[in-house]
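Notes to accompany the following structure.
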Ligand SMILES: *Cc1c(COP(=O)(O)O)cnc(C)c1O
């Protein structure tokens, strides 16, 4: 162990575990856009053989993410779903059982319902905010608990530390999809999780330029298994995308700071407005799990959801009337993005199931970007006027 003082996250995001360009000293690590690598003599490489197995630019991004996660190694993937799929195929076999948060990214649900179920992987979607429900869901063949907190799109939280204790008491691994907060605002591994998963498409890239994902763990045996399965499936990140993501990573702490401040401002403004029925933002004291958010997160992030005092039709008309906030899937970018989960990310779920999970047809999800919050609020005002008229 070194006795140097630990660096702050802002510094780690720029310099942490940085790999240098030894050839020309370029300040940006180069894009190694190559499929293969020349052997110095037969069988002797400089550590990279073929870019499906590994690539120096992808490795530079992995070092940066590992530094933020506080691990020795991380792996990067072609997409967040590529990361989750690789994780499941690496750790599970037919007959194993997985427990998942019932409010979770739509793609993760699809992976189990439409793909892994066909390979005899058993799974239960459980309210993981309820620790007893998780305990009761554990079976003799359970292997993995996969949670998302805050969950997409209702912002429901799961207590990572408590769940890690439950998982480890039964010899299960706990994986956390930490896409909404990133390790900067919630370090899942420090809280006791075994695996941290990120869709780097979102806050890590931050500019809607790439699709990507990452996995981090302290368990080097798991890393080696993931590396083997990633090479087999071909789910590794592409060099150009890794390079772009690496640029985003450097400004992540600065961006998150602004995302959090702007989201809090917008959430408070919405909550105070009589035309708004309800706001779901863990930073509000009205949020049912606000105390858990204070305990396991260092800030509240840039994501929120809300419902208007309006019909579904009016709510959709409100979204259409916005001029700065953009109706598009994805989140975590400099642009403010708004969606209606019932018709977008969660359209596969039947209505009664959506209602049970709190994903009403009029729920609106907002990823607050870096625009001035007063401009976003003015945009809401003019869109409200098209639905409610001038009066509050
Ligand atoms: C987007 C997202 C994913 C999937 O990531 P992709 O990069 O789109 O494949 C997984 N989990 C959450 C919470 C997400 O928002």
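No lab work stands behind these numbers, since they all come straight from the coordinates. Being a predicted model, the structure only gives us computed values, none of them experimental. Using ideal geometry, Cβ is built from the backbone for each residue, glycine included, and neighbour counts are taken over all protein chains shown.
Tabulated values for the structure
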quantity	calculated
Ordering of 212-222, 103-113, 177-187, 25-35 by burial proxy (mean other Cβ atoms within 10 Å per residue, highest first)	177-187, 212-222, 103-113, 25-35
Cα convex hull of region 1-158, projected area averaged across orientations, nm²	14.1
Region 9-76 - convex hull of alpha carbons, volume per residue in Å³	96
Ordering of 51-64, 309-322 by burial proxy (mean other Cβ atoms within 10 Å per residue, highest first)	51-64, 309-322
Antiparallel %, DSSP beta bridges [both residues in the chain], to 5	55
Calculated FRET value between residue 93 and residue 343, using beta carbons and R₀ = 30 Å, to 0.05	0.25
For q = 0.11, 0.12, 0.14 Å⁻¹, Debye-computed log10 I/I(0) when each Cα of the chain counts as one equal scatterer	-0.80, -0.94, -1.24
Relative contact order, percent, region 234-392 [alpha-carbon distance under 8 Å, six or more residues apart]	24
Relative contact order, percent, region 9-250 [alpha-carbon distance under 8 Å, six or more residues apart]	26
Rg(Cα)/(2.2 N^0.38 Å) for region 252-388, N = residue count	1.01
Region 89-193 - Rg over Rh from alpha carbon coordinates, Kirkwood radius	0.94
Mean Cα-pair separation over length for region 152-288, i.e. relative contact order, pairs under 8 Å, 6 or more apart, %	18
Cα Rg, Dmax, region 259-302, angstrom units	10.4, 32
Helical mean residue ellipticity (222 nm; -39500 (n - 2.57) per DSSP H run of 4+; nearest 500) of the chain	-11000 deg cm²/dmol
Taking all pairs of distinct alpha-carbon atoms in region 200-316, Kirkwood radius in angstrom	17.3
